[in-house]
Amino acid sequence: MATFYDSISPDLQEWIEAQYIFFVASAPVSTDGHVNLSPKGLDCLRVLGPNKIAYLDLTGSGNETSAHLAENGRITLMFCSFDRAPRILRLFGRGETVLPHHPQWQTLRPQFPTEYAGVRQIIAAEIYQIQTSCGFAVPLMQFVENRDTLLKWASSQDDNTLTNYRQKNNTNSLDGLPAPLAGSR
């Protein structure tokens, strides 16, 4: 049975912060557009208050979430427990892309690891509803370690190469929506 909350309680925050992975979903307004669902790992998520979260977004193969947020602001984050008491938690919110020139950047960026290469933006969201459900069918899995492939790749690029990569791969969603772009890290 699902349970709904208006805010992230301290015990839900503790549970969120203990998860090794979360998933981000967004979609365009168009009903024939692509729904995006992306896994996120590493030490990239922060609960900033009872109704605010943010995650550090690293350079990737696409920039769907940013494009969708620029168009309509809708975002859902989902967490699953793979190694503890079963639980699924969803955060429903309205988000925005925070780029280095954005006024919130100076406040948000220090909240995250400074050693991560390839940082392109921060996704921040105001959460208006939280839902938990049982997760009884989510498999039990053991965490081994974080992958460092993306960080190693980004570390091997210079700022110009990362900027060019983003210009080529991160300027539009699959449906052609423009995505705000960060400069080099």
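Values in this text are rule-based calculations from the coordinates and carry no lab data. None of the values given here were measured: they were computed from a predicted structure. As a convention, Cβ positions derive from the backbone with ideal geometry for all residues, glycine included, and neighbour counts pool all protein chains shown.
Numbers at a glance
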| quantity | calculated |
| --- | --- |
| Residue count for region 144-171, restricted to those that are β-branched (Val, Ile, Thr), under 17 Å from Asp43 (Cα atoms) and surrounded by 12 or more Cβ atoms within 10 Å (Cβ to Cβ) | 0 |
| Top-ranked residue of region 29-40 - restricted to ones that are more than 16 Å from Thr76 (Cα to Cα) and touching a residue at least 24 places away in the same chain (Cβ under 8 Å), ranked as farthest from the chain's Cα centre (by Cα) | Ser30 |
| Count of region 87-106 residues which are surrounded by fewer than 15 Cβ atoms within 10 Å (Cβ to Cβ) and in contact with a strand residue (DSSP E or B) (Cβ under 9 Å, 6 or more places away or on another chain) | 2 |
| All positions within region 1-19 that are crowded, with 17+ Cβ neighbours inside 10 Å and outside any helix (DSSP H, G or I) | Ile8, Gln19 |
| Hey, Val144 within 29 Å of Arg94 (Cβ to Cβ) and β-branched (Val, Ile, Thr) or not | no |
| Filter pass, Thr114 being polar (S, T, N, Q), outside any loop (DSSP other than H, G, I, E, B), free of Cβ contacts under 8 Å to residues at least 12 places away in the same chain and over 21 Å from Pro28 (Cα atoms) | no |
| Every pair of residues 6+ apart whose Cβ atoms lie under 8 Å, when the first sits in region 70-85 and is in a loop (DSSP other than H, G, I, E, B) while the second is among the aromatic types (Phe, Trp, Tyr) | Ser81/Trp15; Phe82/Tyr20; Phe82/Phe143; Asp83/Phe143 |
| Qualifying residue in region 173-180 (condition: free of Cβ contacts under 8 Å to residues at least 60 places away in the same chain, under 16 Å from Tyr55 (Cα atoms) and not in a helix (DSSP H, G or I)) | no |
| Out of Ala67, Ala54, sole residue that is hydrophobic (A, V, I, L, M, F, W, C), farther than 19 Å from Gln142 by Cα and in contact with a helix residue (DSSP H, G or I) (Cβ under 8 Å, 6 or more places away or on another chain) | Ala54 |
